[in-house]
Amino acid sequence: MTTLWSGRFADRPDDQMRRFGDSIGFDIRLWEADVTASVAYAKALARAGVIDEDERYALLEGLARVRTELADGEFVVQPDDEDIHTAIERRLGELIGRVAGKLHTGRSRNDQVATDTRLYLRDQIVQLRQHLTRLQRTIVDKARTHIDLLMPGYTHLQPAQPVRFSHWLLSFFWMLQRDRDRLDELLRRVNVLPLGAGALSGNPLGIDQSYLARELGFDAIALNSMDAVSDRDYLVEFLSWASLVQIHLSRLAEDLILYSSREFGFVEIADAYATGSSLMPQKKNADSLELIRGKTGRVVGDLVGMLMVLKGLPTTYNKDLQEDKEPLFDAIDTLTMTLPIATSVIETLILHPERMQAALTDEMLATELADYLVTKGVSFREAHYLVGQVVQRALAQGVDLRDLLLSDYQEVSKLFRRDLMKWLDFERAVERRDSVGGTARASVEAQLAVAERLLE
Ligand code: ARG
C-alpha cells in the first residue's frame, strides 16, 4: 500500500493508528466540494502552463467520471483511503493513470481541505437559510390568522399583562430574523478562497487565484497563506450561530411545552408530533419539542468542542484540525432536522382560545388601575402602592378586581370613580399598548407588515 506520503517511510503505519487517523468515515461528505475544487485547480494548472492540454483533458475527464461514481453511489472506498482527498486521487489514478499524480502539484491537503470545507458549508448555509425562512413564514402566517386571540403574557413565569397570542409568537420571528442576518453576515467570511496557500507558505507555480475564486464562486482570496490553512474562525462563527438558533428554538419549544401542558392548555401539539407513554395510556407528550430543546445541548457542545480544538494550537495546520468536521456536520445535521420539525409543529399547532381566555385573570389588569389613577393626577409610584392595596383587599375577600365594590376602591382612594370599571378590560388593556412593538392590534399589524417585507 502507498499513502500520499509513504516515500519517506520504511514501515507502514500500525493498523490501530490508521483507524485513529483516518477521516474518510466522516469527510466522505465533502466529496462533491473536493471534486469541484479539483476541477478548478486542474484548469488553473493548465492556465499556468504546469500541465498541457491533453493532461488537462485527461484530468477533467477523469474527475467527471469520479464525480459520477460518487453521485451514483458506485464509488468504493478502499481500506487505505485515509480521507476523501486521498480516496478521490487514488480513484482518479485508477481511471486515468499516472497523469492523476499531476493534480496535486503545488497543492496540499491543507489548502484543499480548507477549500472543500468552505464550499461545503456555503451550500449548507443556503439550505439552512431556507429552513429558517420557512419557519419564519409559518410563524407570520399563524400570527396573522390568530391576530385577535388574547392570552396572558408572563414575566418570571407569573401572569403579568394580557397580550396577543400573535405578539408572543412573533417575538420568535425577530429572534430568527436576527439569526438570518447573522447568517448572511458570516457567509462573507466563509466565502474566502484558501486554495493556493499550499501547505502553509503559498503556491510557487503562478496559479491564478482570481481565476480559482471566480470558478469556485468565492468573493475574496485569503491574503495570508499561513492564516488560510489554519483559519477555522468561520466554523466557530457558524457553530455559534447554530447554537444561538438552537437556543431560540429551545425557548420556543419550552414555551410550547408549558402552554400545551394540562395546567395551561393554551395549545395542543398535533398527534403527528407527539408521542404516548408505554405505561400511562392517557399521556400525550410533546416529544418533538423536548428533542428540539434537548438537541440544543449537543450543538452548543459542538461549538465548545471546536473552540477547544483551536485553543493553543500552534500556527498553521496541525492534525487537530481534522477534528473540525464532526462538530460541524453534527450541528448542520441537527439544525437540518430541528428547523423543519419546529416549522411543522407550529403549522399543525391546535389552539385553545377558551383556555387562553380563561387564564386571563383580573390581577393582570392591576397596571390598568394604576394607569387609571395616573390619569387622575396621581404619580405612578403612589398609584402603584394604592393599587397594591386594592389587590390586597381583593385577595383578602377572595374576589376578583372586577367584583370588588366601588366602596372598597374608594376606601383606598377617593379618586376611584365608577368609570374605573371600563379600564378593567383585557381588550382595552391590550389596545392601549399601541407603541411601536406594542401588543395593540395596530402595532402587531405594523409588525406583520415589516415581517412580510423581510420575507419577500
Ligand atoms: N483529513 C485531513 C483533515 O481533515 C486533511 C488534511 C491533512 N493534512 C495533513 N497535513 N495531514 O484535516
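The values are calculated or read from the model by the stated rules, or taken from the named source; none is laboratory data. From a predicted model like this one, the values you see are computed outputs, not experimental measurements. In this analysis, Cβ positions are derived from the backbone assuming ideal geometry, glycine residues included, and neighbour counts consider all displayed protein chains. When the accessible area is computed, the model is the full protein with side chains, heavy atoms only, and any ligands, DNA or RNA have been set aside. Shrake-Rupley method; radii C 1.70, N 1.55, O 1.52, S 1.80 Å.
For first residues located in segment 202-223 and open to solvent by 20 Å² or more (accessible area, probe 1.4 Å), partners that are among the β-branched types (Val, Ile, Thr) and in a loop (DSSP other than H, G, I, E, B) and lie 6+ apart or on another chain with Cβ distances below 9 Å form the pairs Leu205/Val50; Leu205/Thr105; Gly206/Val50. The numbered conditions (1) under 17 Å from Leu103 (Cα atoms); (2) within 16 Å of the ligand (Cβ to nearest atom); (3) open to solvent by 60 Å² or more (accessible area, probe 1.4 Å) are all true for Glu53 except (2).
Of all residues in segment 119-141, one or more are open to solvent by 10 Å² or more (accessible area, probe 1.4 Å), modelled with pLDDT of 95 or more, within 16 Å of the ligand (Cβ to nearest atom) and more than 22 Å from Ile51 (Cβ to Cβ). Taking segment 3-26 as the range and being assigned to a loop (DSSP other than H, G, I, E, B), touching a residue at least 24 places away in the same chain (Cβ under 8 Å) and either more than 13 Å from the ligand (Cβ to nearest atom) or small (Gly, Ala, Ser) (or both) as the test, only Ser23 passes. Scanning segment 27-44 for residues that are open to solvent by less than 60 Å² (accessible area, probe 1.4 Å) and within 16 Å of the ligand (Cβ to nearest atom) yields Asp27, Ile28, Leu30, Trp31, Ala33, Asp34, Val35, Ala37, Ser38, Tyr41. Taking residues in segment 260-274 that are touching a residue at least 24 places away in the same chain (Cβ under 8 Å), and partners anywhere that are open to solvent by 70 Å² or more (accessible area, probe 1.4 Å), the pairs with Cβ atoms closer than 7 Å and at least 6 places apart or on different chains are Gly265/Arg355; Phe266/Arg355. Screening Leu289 against (1) within 16 Å of the ligand (Cβ to nearest atom); (2) assigned to a helix (DSSP H, G or I); (3) not polar (S, T, N, Q) leaves a single unmet condition, (1).
Answer yes or no: is there a residue in segment 385-394 that is open to solvent by 90 Å² or more (accessible area, probe 1.4 Å), closer than 22 Å to Lys414 by Cβ and free of Cβ contacts under 8 Å to residues at least 60 places away in the same chain. Yes: segment 385-394 contains one or more residues that are open to solvent by 90 Å² or more (accessible area, probe 1.4 Å), closer than 22 Å to Lys414 by Cβ and free of Cβ contacts under 8 Å to residues at least 60 places away in the same chain. Number of residues in segment 223-276 that are polar (S, T, N, Q) and more than 30 Å from Leu195 (Cβ to Cβ) equals 5. Restricting segment 367-384 to residues that are assigned to a helix (DSSP H, G or I) and open to solvent by 20 Å² or more (accessible area, probe 1.4 Å) leaves a set whose member that is farthest from Tyr154 (Cα to Cα) is Thr375. Being more than 30 Å from Asp22 (Cα to Cα), of a type outside the set (Phe, Trp, Tyr) and more than 16 Å from the ligand (Cβ to nearest atom) is the requirement here; does Arg47 meet it? Yes: the conditions hold for Arg47.
Any idea how many residues of segment 302-336 are assigned to a helix (DSSP H, G or I), closer than 22 Å to Arg29 by Cα and either in contact (Cβ under 8 Å) with a residue 12 or more places away in the chain or touching a helix residue (DSSP H, G or I) at 6+ places or on another chain (Cβ under 6 Å) (or both)? Residues flagged as assigned to a helix (DSSP H, G or I), closer than 22 Å to Arg29 by Cα and either in contact (Cβ under 8 Å) with a residue 12 or more places away in the chain or touching a helix residue (DSSP H, G or I) at 6+ places or on another chain (Cβ under 6 Å) (or both) within segment 302-336 amount to 22.
Taking helices (runs of 4 or more DSSP H) as the structural unit, those lying wholly within segment 156-262 and holding at least 1 residues that are closer than 30 Å to Arg144 by Cα and either in contact with a strand residue (DSSP E or B) (Cβ under 7 Å, 6 or more places away or on another chain) or at pLDDT 95 or above (or both) correspond to 165-190, 233-259.
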